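What follows is a set of notes on a single structure, which appears directly below.
The values are calculated or read from the model by the stated rules, or taken from the named source; none is laboratory data. Because the structure is a prediction, the values reported are computed rather than measured. Here the Cβ positions follow ideal geometry from the backbone for every residue, glycine too, while neighbour counts run over all protein chains shown.
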Amino acid sequence: MYQYLEQLSNYLYENHPKIFNLIAYVYSEFRELSIYPKVILARPELIAFCCIILFLFCCTGGFYFYGKHLKKKLMMVQQWPTVKGVVVESGILGSTNSRVNSNINSTTYSAQIKYTYTVFNKEYTSSKLNWGGRFESSSKEQIQAYADMYPVGKELCVYYNETDPKESIVEIDIKSNTFIYKLGVFMCGIIGTGFFAGLIISMGNERRNYEQREYEKYQKSPQYQEYLLESKRIEDSLQNEQLINDTVVPSSEVTSEE
């Protein structure tokens, strides 16, 4: 196998030098990059960094593709037929959550709004105002202001699915419905990029430390000691040869003196 690879490399070097140089470059770059998995596995915190970055970029992709799906869905909803609806229930609901090992309670408020509409002489009731789900907040005043926009008895323009009339929606503002997903893409992308930059810096520092440790380990190996002895032997041999050359008088100089 190795003999075949050697013959192939010699053939490429002699007949196709550009291809040979390209393969040599790719191989050298691969060897350079192959050190990074060892660097990461040597440091648990770098593994955690990689997991966080992977999670953030997955969230970025999830927000992006779901936002595109939602935008496409809302554009289809704009083509749905409409019918008049009436608000039959409007109020707010508060739910209290207790934190574990803490006496602090937090209350979350949400708007409870229901409306009715009639399609083909059949009445339907729904609480779905938009595609983003229920509007929730820890601010009671904010939720109350939202609920006041839909008082009991208010007439609404209801978009309904012609093939499934019980599916309906009132608010189809594409920008407001997809804003949270755009914000998610932006925030996760920025945070993920920051973590990635930190990982690159940490990996660069750790690579230098790793190479230093490997070099120190190599210095203690028998191969390195043998290399030092061989280098010393060659150096001594060269010095002895130089001394001999310096002490031997050239024949031309001897003839001239005579």
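The table below lists the values:
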item: Of the criteria (1) of a type outside the set (Val, Ile, Thr); (2) surrounded by 13 or more Cβ atoms within 10 Å (Cβ to Cβ); (3) over 29 Å from TYR64 (Cβ atoms); (4) out of contact with any Lys or Arg (no Cβ under 9 Å at 6 or more places or on another chain), which one GLY153 fails; result: (2)
item: Checklist (1) free of Cβ contacts under 8 Å to residues at least 60 places away in the same chain; (2) surrounded by fewer than 16 Cβ atoms within 10 Å (Cβ to Cβ) applied to LYS182, failing item; result: (1)
item: Residue among GLN79, GLN112 that alone is in a loop (DSSP other than H, G, I, E, B) and modelled with pLDDT of 85 or more; result: GLN79
